[in-house]
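What follows is a single structure, written as structure tokens, with notes after it.
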Amino acid sequence: MSWWVLLITKCVWAVFGGSILYLAGRIITTRAQHKGIGTLALDRALDHLEPSYLCTITRNPSVPKMISKSTGCNFADIYPFSDGKDLPLIDMAEMADVPQESLPFHDGRYPKGGLLGEAPPEAGDVILASVFNSNLPLETGVLLGVKL
């Protein structure tokens, strides 16, 4: 059985004493979803590139779960759940084309009606639900960041 997965990343960006890996997206064939394939691909990218920070823009509650599994951190370590004090948020925002004044949200990130034309799966976790809630416009993404 063959699996099809594509992990899209921007080049690792040099920052003060480290680097940022920007996860621009993930594409996983429908029959391979919910099997940990995206997490495995992210694990391998992190092992190979050894970045100091990881960031992404999303509105999918499964993405911070994937980041948590791959990095071994808990949600309280992932911006915007953390205070972001130790994160180069300005550099992360620039890589993701997010206006600094709107952090952590990126209005207009996705086309009208959202990326898939529908709301993402419901977030079961209370912390996730506080960020990825039903009041968030479908066109809005959320910047996530973590120190590795």
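Rounded to the nearest 0.05, what FRET efficiency do residue 112 and residue 86 give with R0 = 22 Å and r taken as the Cβ-Cβ distance? Could you check?
Efficiency for this residue pair is about 0.05.
Quick one: net charge around residue 39, please, counting Lys, Arg +1 and Asp, Glu -1 for every other residue with C-beta under 15 Å from its C-beta.
Residues near residue 39 contribute +3 overall.
Using a cut-off of 15 Å between beta-carbons, work out the net charge of the residues near residue 107 (Lys and Arg +1, Asp and Glu -1, residue 107 not included).
On the way: positive: 59, 109, 112; negative: 97, 101, 139.
Around residue 107, the surrounding residues sum to 0.
State, to one decimal in nm, how far the label point of residue 101 lies from the label point of residue 139, with both points 7 Å from Cα in the Cβ direction.
1.8
Can you compute the FRET efficiency between residue 94 and residue 44 using 1/(1 + (r/R0)^6), with r the Cβ-Cβ distance and R0 = 30 Å? Round to the nearest 0.05. Walk me through the intermediate numbers first.
On the way: r = 26 Å, r/R0 = 0.86.
The value I calculate is 0.70.
Hey, got the dipole for the range 11-107? About the Cα centre, +1 on K and R Cβ, -1 on D and E Cβ, debye to the nearest 20?
660
So what J values fall out for the range 42-51 if you push phi through Karplus, 6.51 cos²θ - 1.76 cosθ + 1.60 with θ = phi - 60°, rounded to Hz, Gly and Pro as x?
Once θ is set to phi - 60°, the couplings for the range 42-51 become 5, 3, 5, 5, 5, 5, 6, 8, 6, x Hz.
We did not get these values from a lab; they are worked out from the coordinates using the rules stated. All figures in this text were calculated on a predicted structure; none of them were measured in a lab. Quick reminder, even Gly has a Cβ in these numbers, built from the backbone with ideal geometry, and neighbours come from all protein chains shown.
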